[in-house]
Amino acid sequence: MGHLLMIESWVGAMSTLLPRAIRESGHRFTFVTRELHHYLRGAPPGGAHPLLTADNILTAETNDPEALVAHLARIHEALGFDGVLSSCDYYLDTVTRVAAELGLPGCPPAAMTAARRKDLTRARLAEAGVAGPGFATATTWDELSTAAHHLGYPLVCKPVDLCAGMYVRRVDDTAQLHETFRELAGFPVNARGQRRTATVLLEELLTGPEYSVETVTFQGETTVVGVTDKSVSGQPWFVETGHMFPAALDTATARAVSDLALAAVAALGLDNTVAHTEVKLTPAGPRLVEVNPRPAGNRITELVRRVTGIDLPLAHAQVALGQQPDLTPVETGVGSAAVAFLLPPEPGVIARVTGAETARSHPAVVECEVKDSGHNAGAATSNNHYLGHVMTIDPKPEEARPTAEELVAGLGVAYSGQTGR
């Protein structure tokens, strides 16, 4: 039985799936956080948050990596950790530093940093010849406007150190670019209290359907677990509205998409990690969007598990412990699994979400969750603003998605002071 050190977590799906995988595999974990109330607020009614079922819960300043490494080295002497991990992007660099200091399995710190920072990823992949969009980086308005002039509109403007599609926007002219630049400048600290970099990434707009490649790398060998079909909308924003696994691709195209992801993982030097690599299938062929060096969010790992039996959160824990995960698919009787998300029609306080009970009664539904009344909905500008989701399974390939989308379309949103959607 291994003892894992978990440094912070997302409070969404992975905050449940990762602790479950650790416990069900016979391992245990210690959880360290700088703000316990961040997770207490996310506890289900009448129960404890799964993260707080840890053997030990430690409070420490996780935003000071140097001090944290020294602190955890002393605790390691008493508790004895066998691995260290996180599901939260903002602490993946810290995880690699702690692993290196404590002599535990882990990804090379330089590789993790290159994967975590979108500007460094672009530079490393361009140097290695991995196909992607033209791009430029800037820290000032003059640099940004000059770069946009050289690349040519339309463009995608991105922060290099945020997640969930936050502030990622299509810009079609100088006015939109300046508006996006001002918005980014007004968000100097991320949701975990970490100061952001001023660097902004500009990219050529890639057109075509989007996919993600789910991989596991262990001791230098990367395995493609599968390719996920992604639905994205909300322009000028890039909001994920749903996913299906496996993707509806012919064998040759799936291989080309997978090969691009494998090339990106290799070029970045990632090792001992689960990765979620996003790819656009453009008219010119597959082009790399970004590499996320952790398990996929937005319930994708559950889609994979439903179809293949492969538990990617468990694989994440196993590679952190230095154990080779079993990535052999098993027969589950499920040919496809899909999730569709409910986006807020507008900002405001939710009075109720209707139609959930009808969705839950559908024989294809395995999950249906919606926000409670009183939830303050933001504008649908990123993946952080969902009001709920429906997950479906089907014995046939490609059939799960239309059912999930139809059921989500049947959900209604009533705001305080209103009576309908």
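Things to note:
- With every protein chain in place, the chain: carbon and sulfur % of accessible area (1.4 Å): 50
- The ratio of the alpha-carbon radius of gyration of segment 31-143 to the globular-protein estimate 2.2 N^0.38 Å is 1.36.
- Per-residue SASA entry for ARG360, accessible area with 1.4 Å probe, Å² rounded to 10: 100
- Per-residue accessible area (protein heavy atoms, 1.4 Å probe) orders LYS158, LYS118 as LYS118, LYS158, starting from the largest.
- For the residue pairs LYS158/LYS280; LYS280/LYS396; LYS371/LYS396, the alpha carbons lie more than 19 Å apart in LYS280/LYS396; LYS371/LYS396.
- Using heavy atoms of the protein chains and a probe of 1.4 Å, the accessible area assigned to THR207 is about 80 Å².
- For segment 168-237, relative contact order (Cα pairs under 8 Å, six or more residues apart, normalised by length) works out to 30 percent.
- Segment 84-115 and segment 193-250: distance between their alpha carbon centers, rounded to Å: 21
- Of all the options ALA252, ALA356, ALA54, the one that moves most in a Gaussian network model of the chain with Cα springs shorter than 10 angstrom is ALA252.
- Principal axis extents of the Cα atoms in segment 299-421, from largest to smallest and rounded to whole angstrom, are 54, 33, 20.
- Scaled to the globular estimate 2.2 N^0.38 Å, the Cα spread of segment 198-272, given as radius of gyration, is 1.26.
- Å² of accessible area per residue within segment 58-114, as computed with a 1.4 Å probe and no ligands counted: 39
- Pair GLU406, ASP142: separation of 7 Å Cα→Cβ label points (nm): 5.9
- Gaussian network model of the chain, Cα within-10 Å springs - most flexible of GLY285, GLY83, GLY242: GLY285
- Environment charge of ALA110, counting only residues whose C-beta is closer than 12 Å and scoring Lys/Arg +1, Asp/Glu -1: +2
- Exposure of SER336 as accessible area (Å², to 10), given a probe of 1.4 Å and all protein chains: 0
- Remark: segment 300-421 carries 45 Å² of accessible area per residue (probe radius 1.4 Å; ligands, DNA and RNA excluded).
- Under the simplified labelling scheme, the ARG23-MET1 pair shows an inter-label distance of 1.3 nm, with each label point 7 Å from Cα along Cα→Cβ.
- For THR282 and THR174, the FRET efficiency from 1/(1 + (r/R0)^6), where r spans their Cβ atoms and R0 equals 35 Å, is about 0.90.
- For the pair LYS396 and GLU35, the difference between a 0.36 nm per residue extended length and the Cα-Cα distance amounts to 125.5 nm.
- For segment 81-151, the calculated P(r), taken from all Cα-Cα distances in 10 Å bins from zero up to the bin holding the longest distance, is 19, 34, 27, 16, 5, 0 percent.
- Local net charge near LEU151, Cβ-Cβ under 12 Å (Lys/Arg +1, Asp/Glu -1): -2
- The accessible-area ordering, largest first, of the residues GLU398, GLU77 stands as GLU77, GLU398, per a 1.4 angstrom probe.
- Per residue, the convex hull spanned by the Cα atoms of segment 283-329 amounts to 122 cubic angstrom.
- Sorted largest first by accessible area at a 1.4 angstrom probe radius, with every protein chain in place, the residues GLU331, GLU183 fall in the order GLU331, GLU183.
- Relative contact order [Cα under 8 Å, 6+ residues apart], segment 1-151, whole percent: 21
- Accessible surface for segment 196-236, divided over its residues, is 35 Å² per residue with a 1.4 Å probe.
- Average Cα contact separation per residue, segment 275-421, under 8 Å, 6 or more apart, as relative contact order %: 23
The values are calculated or read from the model by the stated rules, or taken from the named source; none is laboratory data. Just so we're clear, the structure is a prediction, and the values are computed from it rather than from any experiment. When we count neighbours, we look across all protein chains shown, and the Cβ atoms used for this are built from the backbone with ideal geometry, even at glycine. Note: accessible area is taken over every heavy atom of the protein model, side chains too, but ligands, DNA and RNA are not part of it. Shrake-Rupley method; radii C 1.70, N 1.55, O 1.52, S 1.80 Å.
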